[in-house]
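Visitor: Could you have a look at this structure, given as structure tokens, before my questions?
Read the figures in this text as sums done on the coordinates, not as results from a lab. The structure presented is a predicted model; accordingly, all values stated were derived computationally and were not measured. So basically every Cβ, Gly included, is an ideal-geometry build from the backbone, and we count neighbours across all protein chains shown.
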Amino acid sequence: MPSLNDGASARIEAALAHIDISDDIAQGLAQPDAALKVSVPLRRDDGSFALYPGYRVRYDTTLGPAKGGIRFHPDVDADEVSTLAFWMTMKCAVMGLPFGGGKGGITVDPKTLSPAELERLSRAYIEQVADFIGPDTDIPAPDVNTNPRVMGWMADQYRIIRRAHRPDVITGKPIEMGGSRGRTTATGDGAFHVLATMMKRWSREAAGTTVAVQGFGNAGVRFARLAAEAGYRVVAVSDSAGGIYNADGLDLDAVEQAKSAHGAVTAAEGEEITNADLVTLDVDILAPAALESVITADNAPAIRAGIIVEIANGPIAAEADGTLADNGIVVLPDILANAGGVTVSYFEWVQNRQAWYWDAETIADRLEKRMVEATERVAERAETLDIGHRTAAYVIAIEKLDQAAEARGTSAFFRGDDHR
């Protein structure tokens, strides 16, 4: 059975110090509900054959069917997928969504695959997990190195297997296949709403506030764009090849054009920096939007940003939490700041089930409302308990799970100690 990493366990323990919950939920959070490991076959274009490890985990389904992405990456393994599914459980709970947490992936470098190989691998994965997922059981979505086209292939393969049109089995699909408007920008939009809400609570202005974005992919680009439009000064961005810095503010149009033309943001004008340099820049706001654990115990003492917005999943390793807190750095945690994607995935699932589709303005308004409300809840709990925003978010999420468990009857009820 895959296990949580030490960081996720530490953050549960930090939250449990501030709440009293049933033993049922405490035990349930220790391991996933169900985990599947498969071998995903692929016939390569040159006729050779390969098998890739594939995974799908449903961590907790107390609040509803599992929900979570599928990633294609060389580092995917059972424990990583389990931890990501746990984070999805927390994320859905803190947002008040009727979902549990799920995650999946294939241990593969998709950059080594042709488009036809990528399609065959995507469809083969669904062949292997089709009995494990479903619109009322476990609803996948895009994640690292997957996108609407990949989700479209997967949804289509599920249709072939089931001989039925079920667009609600997978979210993040192309609009033409039942996808939702606003889904591709949802993660960046949601992160910006979290930041804007907190800046308003702090009575701070955007003008002159400096921002560095580590990870210039879909979410990072969108967040940087929104920040620049709102008056923030985006001084640095990076991708896997490195970063670019300009103290006066970057021309994001030029940076995007350079990345499109040359495959790297470092092709744009400005001072070239490394990803390691970027996270330690003297800026007001740091937004890590790439992979996990870019801030660790080693580099945490060098972080100079006053606010960190976790757009990626798990960009701060748990062992860095104490140092950041001691240095007065405010962290807006991933289970809140990264939740725009799953929120619009929820909207897509609802639209698929109704066969009634909303316009972009409706999606944007409903996303903003949910993100603002969730951020206010987390901020108020952090102030009431005098704790960090991450721990406050975990407190809210675990309480939500505990309340659902109590509604069914926990050990206290069956022992006769609780007569509710």
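Visitor: Determine which lysines satisfy two conditions relative to Lys200: a Cα distance under 17 Å, and not lying fewer than 8 residues away in the same chain.
Guide: Lys369
Visitor: At 7 Å along the Cα-to-beta-carbon direction for both Ala130 and Phe413, put a label point, then send me their distance in nm to one decimal.
Guide: That separation, rounded to one decimal, is 3.8 nm.
Visitor: So how many Lys-Lys pairs in region 33-170 land under 19 Å Cα to Cα, not counting same-chain pairs under 8 apart?
Guide: Summing the qualifying lysine pairs gives 5.
Visitor: What's the extension gain from Ala241 to Glu205 if we count 0.36 nm per residue and subtract their Cα-Cα distance?
Guide: Gain on stretching Ala241 to Glu205: 9.7 nm.
Visitor: Let me ask something additional. I'd like the FRET efficiency for Ser9 and Glu269, computed as 1/(1 + (r/R0)^6) with the beta carbon distance as r and R0 of 41 Å, rounded to 0.05.
Guide: Result of the calculation: an efficiency of 0.35.
Visitor: Which option, (1) 21.0, 70; (2) 25.4, 103; (3) 30.8, 95, is the value of Rg and Dmax of the Cα atoms in Å that was calculated from these coordinates?
Guide: Read-out taken from this structure: (1).
Visitor: Could you give the dipole magnitude of region 1-47 about its Cα centre, charging the beta-carbon of Lys and Arg +1 and that of Asp and Glu -1, in debye to the nearest 20?
Guide: Roughly 320 debye, rounded to the nearest 20.
Visitor: Label points 7 Å out from Cα along the Cβ direction at Glu380 and Glu229: separation in nm?
Guide: Result for the modelled spin labels: 2.9 nm.
Visitor: OK, next. Taking R0 as 35 Å, what FRET efficiency do you get between Lys37 and Val372 from their Cβ-Cβ distance, rounded to the nearest 0.05?
Guide: E between Lys37 and Val372, to the nearest 0.05, is 0.35.
Visitor: Based on the Cβ-Cβ distance from Gln257 to Asp365, what FRET efficiency comes out when R0 is 30 Å, to the nearest 0.05?
Guide: The formula returns an efficiency of 0.45 here.
Visitor: A follow-up question, please. Taking +1 at the Cβ of each Lys and Arg and -1 at the Cβ of each Asp and Glu, which of Ile396, Ala364, Gln351 sits farthest along the dipole of region 321-419 towards its positive end, judged by Cα position relative to the Cα centre?
Guide: Positive-end residue among those listed: Gln351.
Visitor: Write out the chymotrypsin sites (Phe, Trp or Tyr not before Pro) in region 129-160 meeting two conditions: DSSP loop, and at most 10 other Cβ atoms within 10 Å of their Cβ.
Guide: Loop-located and lightly packed - none at all.
Visitor: Report the residue, chosen from Arg222, Arg377, Arg163, that carries the largest GNM mean-square fluctuation when the chain is represented by alpha-carbon nodes joined by springs under 10 Å.
Guide: Looking only at Arg222, Arg377, Arg163, the biggest GNM fluctuation is shown by Arg163.
Visitor: Mind putting a number on the dipole of the chain about its Cα centre? Charges go on the C-beta only, +1 for Lys and Arg and -1 for Asp and Glu, and I need it in Debye to the nearest 20.
Guide: Dipole about the Cα centre, nearest 20: 1500 debye.
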